[in-house]
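The values are calculated or read from the model by the stated rules, or taken from the named source; none is laboratory data. Note that this is a predicted model, so its numbers are computed, not measured. Methodologically, a virtual Cβ is constructed for each residue, glycine included, from the backbone with ideal geometry; neighbour enumeration extends over all protein chains shown. With ligands, DNA and RNA removed, areas are computed over all heavy atoms of the protein, side chains included. Shrake-Rupley method; radii C 1.70, N 1.55, O 1.52, S 1.80 Å.
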Protein chains: 2
Amino acid sequence: MTSPLYAQVKEHILEHIRSGAWTPGTRVPSENELVESFSISRMTANRALRELTADGFLSRVPGVGTFVKEPPARSSLLELRNIAEEIAARGHKHAAYIDRRETIEAPQALADEFELRQASKLFHLVMVHTENGVPVQLEDRYVNPFVAPKFNDQDFADITPTAYLVAAVPVDELEHTVEAIMPTVEQRELLDIGEHEPCLALHRRSWSKGHVVTVATLIYPASRYALYSRYKTSPSGTLSQ
Amino acid sequence: MTSPLYAQVKEHILEHIRSGAWTPGTRVPSENELVESFSISRMTANRALRELTADGFLSRVPGVGTFVKEPPARSSLLELRNIAEEIAARGHKHAAYIDRRETIEAPQALADEFELRQASKLFHLVMVHTENGVPVQLEDRYVNPFVAPKFNDQDFADITPTAYLVAAVPVDELEHTVEAIMPTVEQRELLDIGEHEPCLALHRRSWSKGHVVTVATLIYPASRYALYSRYKTSPSGTLSQ
DNA sequence: AAGTGGTCTAGACCACCAG
DNA sequence: TGGTGGTCTAGACCACTTT
């Protein structure tokens, strides 16, 4: 039941990065040093370092060495990723608190967004997510109680709302809108930012079997977060125009 | 001047996928078959298939084989879209003018973004795109002259820089970063917006055959533009792992 | 000259799946 | 039982950078 050797080496290096022992710029052991200390072959050491490099944790310079990379504070765009895991992947500490939690009667505009023909009740949750104690995301979320009836029973201490919903409801379809905004006074206070700092607002709707599951607005202070994506072009080749 | 063997094998497989010869679900040659047909060792064949799997093009099932994967659902937010066609699709009139055009010696930070080991020359272009006469996008672009040597011969009257590059250079990989910014005075004047209006900054890099083609920053006034995407989640439960 | 990463080989053992 | 992928080894040659 032991994991592969190259995975153990990767984990060993990630531990040192996560713990802060190896900060960005630090030189990590060379392939030959790993061969000695782990009693493995060079190909195995090479695979561990090569994969960590592909994943963006390390950078390598032929003839010089392998170094810890600066972890960018950015979130993957368009995937349903868990901010807690994203922060953990950077070796930082995630925490969150609930600012507001209620069940409301949906006003017309919200009922439209949920594609509900008649007004109904919705769960409403406002949370602040912090990275090493600094607020990085304000989550303002409405949830359809017919699709996720147990959403309001969660305390979200160990699991984020996104993670809960992904696990509880299969998502068929996603809609994202990204815009730059000047936050309101309330938003500014919750995020603890200055008066003229713009924010990124990511508006997300998700569907499951034709029903809107949740409508969420995720607000990121511009100085603390950017949205990121990188991918290989699909070989079918059709880059639109 | 020859590329590594594992890269040649990857390219060989991608060609078949791109051409449509191998459709999703098709079984690709096994490691042993590649060993024979390419006269390589199994480790080299393994690396090619493993990396294509990590990049999302193939899926592997131990004891069974390796198969072409369904292309992932991508959002238009992440595609290379041509702002001229986007505006035309809304029935509006697109126009653009060149604010600046030059060839510069790349400073270190830019050389790093282009993954150039030593400083070199770069094309630099600043354009303003308007929709019905209103500025909607400020395009600030650097281009690698080794990859697109004729970029500077274009006048971009009938074709946007994005459209030219897509046609001239096959794009393998894309990176996007989105952030909210407060524009500089110069940017504000070019976009003709008020003093406290935030903007969306879309930072894009594209690669072709391992070389960075272009680094572009596209700035959109918050009041005039939002980025949007909607897509179906690809049928999950595929043979991941 | 010594050390680094980049690649490659020709074997090997294993767990798994199919006929 | 034979083919598949998953992993690993102990060598090797190369281009490169640092000392």
> A:Asp158 to A:Lys93: FRET efficiency via 1/(1 + (r/R0)^6), r the Cβ-Cβ distance, R0 25 Å, to the nearest 0.05?
Replying inline: 0.95
> What number in nm² do you get for chain A if you take the convex hull of its Cα atoms and divide its surface by four?
Replying inline: 18.0
> So for the pair A:Ala54, A:Gln118, with labels modelled 7 Å out along Cα→Cβ, what separation do we get in nm?
Replying inline: 5.5
> Just how many pairs of Lys in chain B have C-alpha atoms closer than 23 Å, counting pairs that are eight or more places apart or on different chains?
Replying inline: 7
> Once Rh is set to the Kirkwood radius over Cα pairs, what Stokes-Einstein translational diffusion coefficient, in µm²/s, holds for segment A:147-241 at a temperature of 37 °C and a viscosity of 0.692 mPa s?
Replying inline: 204
> How big is the A/B interface in buried accessible area, both sides summed, 1.4 Å probe, to the nearest 100 Å²?
Replying inline: 4200
> Which ³J(HN,Hα) values in Hz, rounded to whole numbers, follow from the phi angles of segment A:187-197 under the Karplus curve 6.51 cos²θ - 1.76 cosθ + 1.60, where θ = phi - 60° and Gly and Pro get x?
Replying inline: 4, 4, 5, 5, 8, 6, 10, x, 6, 10, 8
> How high is the relative contact order of segment A:5-68, given as a whole-number percent (alpha carbon pairs under 8 Å, six or more residues apart)?
Replying inline: 40
> Where the centre of each part is set by its Cα atoms, how far does segment B:101-164 sit from segment A:22-45, in angstrom?
Replying inline: 40
> Using a 1.4 Å probe on the protein chains only, how many percent of the accessible area of segment A:74-227 belongs to carbon and sulfur?
Replying inline: 49
>> Nearest 500 deg cm²/dmol is fine: what mean residue ellipticity at 222 nm does chain B get from its DSSP H runs of n ≥ 4 alone, each adding -39,500 (n - 2.57), divided by its residue count?
In response: -7500 deg cm²/dmol
>> Can you compute the FRET efficiency between B:Val134 and B:Arg230 using 1/(1 + (r/R0)^6), with r the Cβ-Cβ distance and R0 = 22 Å? Round to the nearest 0.05.
In response: 0.30
>> Pairs of alpha-carbon atoms within less than 8 angstrom and 6+ residues apart define the contacts here; what relative contact order does segment B:104-212 have, in percent?
In response: 23
>> What are the extents of the Cα atoms of the protein assembly as shown along their three principal axes, in Å, largest first?
In response: 67, 60, 47
> Taking the Cα centre of segment B:5-68 as the origin and placing charges on Cβ (Lys, Arg +1; Asp, Glu -1), which of B:Ala21, B:Phe57, B:Asn32 is farthest toward the positive end of the dipole?
Replying inline: B:Phe57
> Got the relative contact order for chain B handy, in percent, Cα pairs under 8 Å and 6 or more residues apart?
Replying inline: 16
>> Past the 15 angstrom mark, what percentage of all C-alpha to C-alpha distances in segment B:5-68 do you count?
In response: 44
>> If I take R0 = 41 Å and measure r between the Cβ atoms of A:Thr23 and B:Ser19 in this structure, what FRET efficiency does the formula 1/(1 + (r/R0)^6) give, to the nearest 0.05?
In response: 0.30
>> Check which residues have an amide H placed less than 5 Å from A:Gln137's amide H, if you skip close sequence neighbours.
In response: A:His129
>> Can you compute the charge dipole magnitude of segment B:128-216 about its Cα centre, using +1 on each Lys and Arg Cβ and -1 on each Asp and Glu Cβ, nothing else charged? Give it in debye, rounded to the nearest 20.
In response: 420
> How big is the charge dipole of the protein assembly as shown about its Cα centre, in debye rounded to the nearest 20, if each Lys and Arg gets +1 on its Cβ and each Asp and Glu gets -1 on its Cβ?
Replying inline: 1400
> So which DSSP H runs in chain B come out at 30 Å plus along the axis (Cα) with average Kyte-Doolittle of at least -1.0?
Replying inline: none
>> At 1.4 Å probe radius, can you tell me the per residue accessible area of the protein assembly as shown in Å²?
In response: 50
>> Counting only protein heavy atoms, probe 1.4 Å: which residues of segment B:188-205 lose 40 Å² or more of accessible surface in the full assembly compared with their chain by itself?
In response: B:His196, B:Pro198, B:Leu200
> So between A:Glu195 and A:Lys150, what do we pick up on full extension, going 0.36 nm a residue minus the alpha carbon distance?
Replying inline: 12.4 nm
> For the pair B:Thr184 and B:Glu70, how long in nm is the line joining their label points, each one 7 Å along Cα→Cβ?
Replying inline: 4.7
